1. Does E41 fit the bill of being in contact with a Phe, Trp or Tyr (Cβ under 8 Å, 6 or more places away or on another chain) and among the charged types (D, E, K, R)?
2. K484 is checked against (1) in contact with a Phe, Trp or Tyr (Cβ under 6 Å, 6 or more places away or on another chain); (2) open to solvent by 60 Å² or more (accessible area, probe 1.4 Å); (3) more than 21 Å from D454 (Cβ to Cβ) and fails just one. What number does that condition carry?
3. May I ask you to list the residues in the stretch 396-411 that are assigned to a helix (DSSP H, G or I) and touching a residue at least 60 places away in the same chain (Cβ under 8 Å)?
4. Provide a single number: the residues in the stretch 231-262 that are open to solvent by 10 Å² or more (accessible area, probe 1.4 Å), part of a strand (DSSP E or B) and either closer than 21 Å to Y218 by Cβ or in contact (Cβ under 8 Å) with a residue 60 or more places away in the chain (or both).
5. Please indicate, with yes or no, whether at least one residue in the stretch 346-364 is open to solvent by less than 40 Å² (accessible area, probe 1.4 Å), under 24 Å from P420 (Cβ atoms) and either assigned to a helix (DSSP H, G or I) or at pLDDT 90 or above (or both).
6. Looking only at the stretch 331-345, count how many residues are open to solvent by 20 Å² or more (accessible area, probe 1.4 Å) and touching a strand residue (DSSP E or B) at 6+ places or on another chain (Cβ under 8 Å).
7. So in the stretch 549-566, with the set limited to residues that are closer than 16 Å to P462 by Cβ and under 22 Å from the mean Cα position of the chain (by Cα), which one is modelled with the lowest pLDDT?
8. Among the residues of the stretch 142-162, is there at least one that is at pLDDT 75 or above and either touching a strand residue (DSSP E or B) at 6+ places or on another chain (Cβ under 6 Å) or over 30 Å from I6 (Cα atoms) (or both)?
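The values are calculated or read from the model by the stated rules, or taken from the named source; none is laboratory data. Values in this document were obtained by computation on a predicted structure and should not be read as measured data. All Cβ positions, glycine included, derive from the backbone under ideal geometry; neighbour counts span all protein chains shown. Heavy atoms of the whole protein, side chains included, go into the accessibility calculation; ligands, DNA and RNA do not. Shrake-Rupley method; radii C 1.70, N 1.55, O 1.52, S 1.80 Å.
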Amino acid sequence: MLRKKIGEILVDLNLISQDQLNESVEEQKTTNKNLEAILLERGFIKKEDLAKAFAEQSGLPFIQKITEQMTDISILGKVPLKFLRQHVVIPIMFEGKKIIVTANPRDLQPLDDLILLMGRDVGYAVSTEQIITDAINKYYPLEGSKEVMGELPEEEDGDFDLGVIEDKDIMEMAYEAPIVKLVNHMIYQAAKESASDIHIEPYEKELRVRYRIDGVMYERMIPPKRYQGAIISRVKIMANLNIAEKRKPQDGRIQIKVADRPIDIRVSILPCSFGERVVMRLLDKTKGIIDLKQLNFSERNYKVLLNSIEKPNGIILISGPTGSGKTTTLYAILNRLNKEDVNIITVEDPVEYTLKGVNQVQVNEKIGLTFAIALRSILRQDPDIILIGEIRDVETAQIATQAALTGHLVLSTIHTNNAPATLTRLIDMGVEPFLIASSLVSVMSQRLVRKLCDKCKKPYTPNKELLAKIGLTPEQAVGITFYKSVGCDECLNTGFRGRIAIFEIMEITRAIARLIMEKADASVIKREALKEGMTSLAEDGLRVIKLGITTIDEVLSVAYVDENEF
């Protein structure tokens with residue numbers, strides 16, 4: 001029996017005040033809306049608060065987190081995935097007992113249906129929709145790689161069902177053809193492990209599938225070589241590419257749902273000695289754009305960056321290799337600059353995130369829409385801020401420079417090893433030094449390092465040789481707690497979870513502008529920048545090491561340490 005009304009319980013739990021409840025009840029009388037919906041809309045409570053009140057009202061425990069240890073595959077696998085998602089329920093083991101966790105304890109029908117599957121000795125608990133849905137997506141026992149490959153025919157008959165593209169979640173494609181299921185499984189497993197790329201690599205006697213997770217490659221499956229053509233053809237169909245063309249490189253795009261999350265996949269196909277090599281880059285659109293303050297800038301770097309982006313005109317460049325987070329940083333900057341009183345236009349390849357209020361142009365070289373051509377047209381659109389996905393050639397660089405000199409703020413990326421090397425790269429491209437010196441505001445270089453898993457990292461004392469590599473003596477290391485990776489179930493035994501950026505930001509001061517005009521070597525420019533207060537990548541990496549976020553080896557793997565920097 002229900003004991004108290006939800007509103008009263010929320011007041012008793014100090015989750016809302018009596019005045020907030022009274023205010024919401026008055027609105028309910030005039031709108032006939034649900035009281036819980038009104039409280040959520042007004043921001044008086046969170047969904048977690050509501051779930052706690054439901055638990056209190058029903059006399060049931062509240063589940064804060066559903067872990068892998070709570071999920072019993074033998075129980076979970078009995079219930080259709082569609083049923084669990086539709087009713088937002090999940091059966092688990094809690095304190096040695098079978099428990100049905102629900103987001104709505106008032107809806108008894110799905111609970112009764114689950115009892116028939118699980119037996120009578122069942123308890124109940126309450127949680128939020130988000131916690132339950134995340135647990136279903138993470139722990140529902142889809143077939144493993146071996147089981148999926150086991151469904152492939154023993155002999156190749158040359159006639160495969162490669163499927164068609166449908167707008168549905170790949171987790172629900174349980175009855176598709178074996179080749180379709182195998183490719184779906186690759187994508188699902190990669191998304192589940194937060195992989196950034198899937199590599200399908202053909203060799204003389206085998207086909208290998210590897211995932212790039214936190215910047216490191218891991219082998220995940222070796223499908224039979226005889227199905228190489230069928231697997232690659234299925235990827236081509238998904239990306240709307242020509243399955244008959246096997247001699248030329250092809251690029252495409254797949255938009256699909258994985259565990260109810262929209263995933264955008266960039267596909268690159270390259271002919272090699274033993275067949276076509278496929279790389280699929282995964283972009284999870286639900287992650288959204290990161291706020292500039294969340295990007296791990298040091299206090300000095302954050303001030304320099306803000307000073308740069310607040311200038312009315314000039315060029316700000318971000319350098320680094322592929323996959324170093326340049327685009328994420330650019331979007332964070334753009335998101336901060338995006339206001340009603342400015343006109344922002346971007347030219348990108350591809351458009352990775354959609355920004356409200358920003359006009360975004362997709363490069364298409366097949367029809368002649370290059371960065372340079374798009375940029376010329378953009379300048380006739382009266383922009384205040386221009387974002388160029390990448391400066392690849394002298395033509396794009398020159399147009400960007402002219403745009404900066406004529407009152408526009410230009411943001412872009414370039415492939416160089418560090419911030420000072422960017423200046424010599426532009427000169428090598430053919431841009432005049434005086435144009436660089438007068439248009440460039442700042443150059444930022446960045447890298448991504450893996451973050452230690454907080455569940456299993458362990459403190460240790462590095463030896464003298466390792467300390468020297470990061471510019472520290474044993475005396476300087478006193479008082480610093482260094483950590484090393486171990487590995488546990490939470491981090492898939494890698495010792496790391498996620499990545500964080502390290503930066504070096506170089507302002508174009510008068511002294512550096514003079515060196516640019518003199519075509520000085522990058523090392524000379526770097527020495528001057530360090531003298532003026534620039535923090536090198538290695539120094540910023542040391543800051544992150546001191547915070548216990550990453551290891552010395554991780555920083556050394558991405559940043560060159562010059563003994564003169566420290």
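1. On the way: in contact with a Phe, Trp or Tyr (Cβ under 8 Å, 6 or more places away or on another chain): no; among the charged types (D, E, K, R): yes.
No: the conditions fail for E41.
2. So K484 meets the others, but not (3).
3. Start the filter on the stretch 396-411 by keeping residues that are assigned to a helix (DSSP H, G or I), which leaves 396-405.
Matches in the stretch 396-411: A400, T401, A404, L405.
4. Of the residues in the stretch 231-262, 4 are open to solvent by 10 Å² or more (accessible area, probe 1.4 Å), part of a strand (DSSP E or B) and either closer than 21 Å to Y218 by Cβ or in contact (Cβ under 8 Å) with a residue 60 or more places away in the chain (or both).
5. no
6. Taking the stretch 331-345 first, the residues open to solvent by 20 Å² or more (accessible area, probe 1.4 Å) are 335-343.
Now restrict to residues that are touching a strand residue (DSSP E or B) at 6+ places or on another chain (Cβ under 8 Å): 337-338, 342-343.
The qualifying residues number 4.
7. Per the criteria, the residue is S557.
8. No, the stretch 142-162 contains no residue that is at pLDDT 75 or above and either touching a strand residue (DSSP E or B) at 6+ places or on another chain (Cβ under 6 Å) or over 30 Å from I6 (Cα atoms) (or both).
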